[in-house]
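The values are calculated or read from the model by the stated rules, or taken from the named source; none is laboratory data. All figures in this text were calculated on a predicted structure; none of them were measured in a lab. FYI the Cβ positions are ideal-geometry reconstructions off the backbone, even for glycines, and counts take in every protein chain you see.
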Amino acid sequence: MNEIIKYTSKMKLLYVEDNESVRESLLSILEEFFDQIVVAVDGQDGYEKFLENKIDLILTDINMPKLNGLKMLKKIREIDENVSTLILSAYDESQYLLESIQLNVEAYLFKPITIEEFARALEKVTQKIKLQQELANNLSLLHQYQEIAECSGIVSKTDLAGKIIYVNDEFCKISEYTREELIGKNHSIVRHPDNPYYIYQNIWNTIKTKKETWKGTIRNLSKNGKIYYVDSTIKPILDLHGNIMEYMAFRHDITNIMSPHKQLEDFLYYTPEPLLVLLQIVDYDNFEKFYGYSQMSYIEKKISKKIFDFLPQDCIFKNLYILGNGKFAFAKDITNLNLEHIITNVEMAIRKINITKFKIDDTFYDLSMRASLAHGMNVFENCIVGLQKLCKSKEDFIIANHLAHNQYKEAQHNLNILDMVNTAIENLNIVSYFQPIVNNKTQKIVKYESLVRLIDKEGNVLAPCLFLDISKQSKLYFQITKIVLKNSFEALYKTDKSISINLSALDIEQEKITNTIFEMLEEYRAHSHRIVFELLEDEHVSDMKMVDNFIFKAKQYDVKIAIDDFGVGYSNFERLLSYQPDILKIDGSLIKNILVDNYSFSVVKTIVAFAKAQNIEIIAEFVENEDIYNILTSLGVEYSQGYYFGRPAVL
């Protein structure tokens, strides 16, 4: 009852009754339900008051002067056929009941009425009114949504055969066709001829066979030949039994925001046999710095129009994409074409481009290009890897098929190595081996070099060349370095000899590593004079001052500094002056060839002479046999390290 009153209290009731005593008596009941009651004394009065007021519910007697209740309802139905009505009568004649049914009366109540009967009738009425209001609200919302969709999107409907049965103004505007030209046609009227046929097979399979919504980007062609892109949603409209009634498509014009990258991606995705040529202006960054971004963008557009001039007519590509940053791409479907002929002509065109000066606005630009060509699967990825290889090799053309797959395999190998390293760290299987360094006069061990090793799951001991460089590309390298430092410093308690530790520029440039080094030097200060830091020669030193500062600070702990692999690579006397090392370790490639290569012998002899003049100790690596040892001794080399005296092992 409370729920009914909560609803009816907001309604306006028209109560029509000619009997005053009955009217006054029933009003006391009605006022329990309604806050707004319009009273009429006969049918004519009721009709006039209905016209004057917005009535939600009519409660009326039948037998009344001037106009009876049923005739009044007929006139009202002509104005509002949905208004809810209750009949209140002292008669149960079948004629009245039949007329009431025909007038869609919600309830036929007999006098005298009880409040319970009236409440049941009101419950039925309020449920109907609620449904009517919900339906009206939903229709209003649907109408508003439709208005928004119509003005903001490109809308069309097709019948089961795919014929267009409706288009909105936006569809006509972008396609440049009139409604009369579109209705009755199918959507092939705006289909771009270069679109692969199977994109439409996919659409029909989705919306017709699977009865699902298809979403994607479609390239279309307007009546006047303008290419435009639409982001499309196509949905089958189903009846209550799941049968398709029609198809509705809703689209947005994305031509202005469609990047060349996306256009290229779509072309490659939908083309059965794509061939892609990816071009890169050599040293583009330098040109951009010199000419400026705006000018280079202008130059790129001009060059893009000239590139096809270098290709023969039977090798023309329809699609060229300016990808920015000096990159261009052109692509085509090579189905049933002579692939070898196309490749040959593309390579010849690149050769011509690279000996041609481009004239743009009376200015000549001497630009070179590299071209990466691929066909079949993963062409874009392959071409990108191809350009990377060309950049390293300084060549100008490459057929890049399968390069991305090879790079993936290499990347997978690297990931496996990193996984192995991570497992070794977790299981404490990053260990330090120590190789002896002997005094050539006494042949006694005076130092050890700390060398990192990894023990894999099978118990194999792996040398650093198998995992260290790859580890440098991840955070695991710092963990390895920290373990090596810890093992090396702890080894000071296992021997009274010096311990050499290899450090690269990468190590020194990492604040976390240098902090760890100086923390350990402080902890082992009583033994720090037995520490030797072997600095690896490296072309990638980005801050020489940082290295100099490290050496200066380390020497405060009486640490000795050695330059490793001296004599090849990036060795130079300027660095000697900067580092002021205590030890030079001659590179093993010179030592192992010293018996048969006069050049190696001369270089070693020169290094020894220089070192003795500067009072720098000399250690020779890769001393593999007695003959090498003897010649080194004759040259005055003080220390030797190699398999002739001992292999790396656990202390």
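Quick notes on this one:
- Whichever residue in the range 348-383 is β-branched (Val, Ile, Thr) and within 23 Å of Glu288 (Cα to Cα) and, among such residues, is surrounded by the fewest Cβ atoms within 10 Å (Cβ to Cβ): Ile355
- Residue satisfying all of: in the range 324-335; at pLDDT 85 or above and surrounded by fewer than 17 Cβ atoms within 10 Å (Cβ to Cβ); nearest to Ile299 (Cα to Cα) among these: Asn325
- Test: residue in the range 476-499 that is assigned by TED's automatic domain parsing to the domain that holds Pro581, under 25 Å from Asn515 (Cβ atoms) and part of a strand (DSSP E or B): yes
- Counting only residues that are of a type outside the set (Lys, Arg) and closer than 13 Å to Gln44 by Cβ, the range 74-85 holds 1 of them.
- Residue check, Lys6 free of Cβ contacts under 8 Å to residues at least 12 places away in the same chain and basic (Lys, Arg): yes
- Among the candidates Ser21, Ser84, residue that is out of contact with any Pro (no Cβ under 8 Å at 6 or more places or on another chain), touching a residue at least 12 places away in the same chain (Cβ under 8 Å) and either loosely packed, with under 12 Cβ neighbours inside 10 Å or under 18 Å from Ile129 (Cβ atoms) (or both): Ser84
- Residues satisfying the stated conditions in the range 583-633, i.e. outside any loop (DSSP other than H, G, I, E, B), of a type in the set (Phe, Trp, Tyr) and crowded, with 17+ Cβ neighbours inside 10 Å: Tyr629
- Matching entry among Leu73, Leu26, Leu14 (being touching a Phe, Trp or Tyr at 6+ places or on another chain (Cβ under 7 Å) and surrounded by 17 or more Cβ atoms within 10 Å (Cβ to Cβ)): Leu14
- Qualifying residue in the range 476-490 (condition: over 30 Å from Lys560 (Cβ atoms) and either of a type in the set (Ser, Thr, Tyr) or touching a strand residue (DSSP E or B) at 6+ places or on another chain (Cβ under 6 Å) (or both)): no
- Here the condition is being closer than 22 Å to Lys111 by Cβ and surrounded by fewer than 22 Cβ atoms within 10 Å (Cβ to Cβ); of Ile58, Ile37, Ile62, it holds for Ile37 alone.
- If you go through the range 195-250 and keep only what is surrounded by fewer than 12 Cβ atoms within 10 Å (Cβ to Cβ), farther than 24 Å from Gly184 by Cβ and small (Gly, Ala, Ser), you end up with just Gly242.
- Looking at Asp309, Asp253, just one residue is assigned by TED's automatic domain parsing to the domain that holds Ser175 and surrounded by fewer than 18 Cβ atoms within 10 Å (Cβ to Cβ), and that residue is Asp253.
- The range 390-434, subset aromatic (Phe, Trp, Tyr) and more than 27 Å from the chain's Cα centre (by Cα), residue modelled with the lowest pLDDT: Phe397
- Residue check, Lys497 farther than 22 Å from Arg647 by Cβ and among the basic types (Lys, Arg): no
- For the range 273-316, a residue qualifies if it is of a type in the set (Val, Ile, Thr) and touching a helix residue (DSSP H, G or I) at 6+ places or on another chain (Cβ under 8 Å), and the qualifying residues are Val277, Ile281, Ile299, Ile307, Ile316.
- Evaluation of Gly459 against (1) assigned to a helix (DSSP H, G or I); (2) under 28 Å from Glu410 (Cα atoms) (one fails), failing number: (1)
- The range 349-379, residues that are in contact (Cβ under 8 Å) with a residue 24 or more places away in the chain and farther than 25 Å from Asn286 by Cα: Ala374, His375, Gly376, Asn378, Val379
- Looking only at residues in the range 338-347 that are out of contact with any strand residue (DSSP E or B) (no Cβ under 6 Å at 6 or more places or on another chain) and in contact (Cβ under 8 Å) with a residue 12 or more places away in the chain, the one that is surrounded by the most Cβ atoms within 10 Å (Cβ to Cβ) is Ile342.
- Counting the residues of the range 174-203 that are in a helix (DSSP H, G or I) and either within 28 Å of the chain's Cα centre (by Cα) or farther than 26 Å from Phe267 by Cα (or both) gives 10.
- So Gln443, is it outside any helix (DSSP H, G or I), at pLDDT below 95 and within 35 Å of the chain's Cα centre (by Cα): no
- Ile437 touching a Phe, Trp or Tyr at 6+ places or on another chain (Cβ under 9 Å) and at pLDDT 95 or above: yes
- Members of the range 312-339 that are more than 32 Å from the chain's Cα centre (by Cα) and either hydroxyl-bearing (Ser, Thr, Tyr) or within 22 Å of Val385 (Cβ to Cβ) (or both): Leu339
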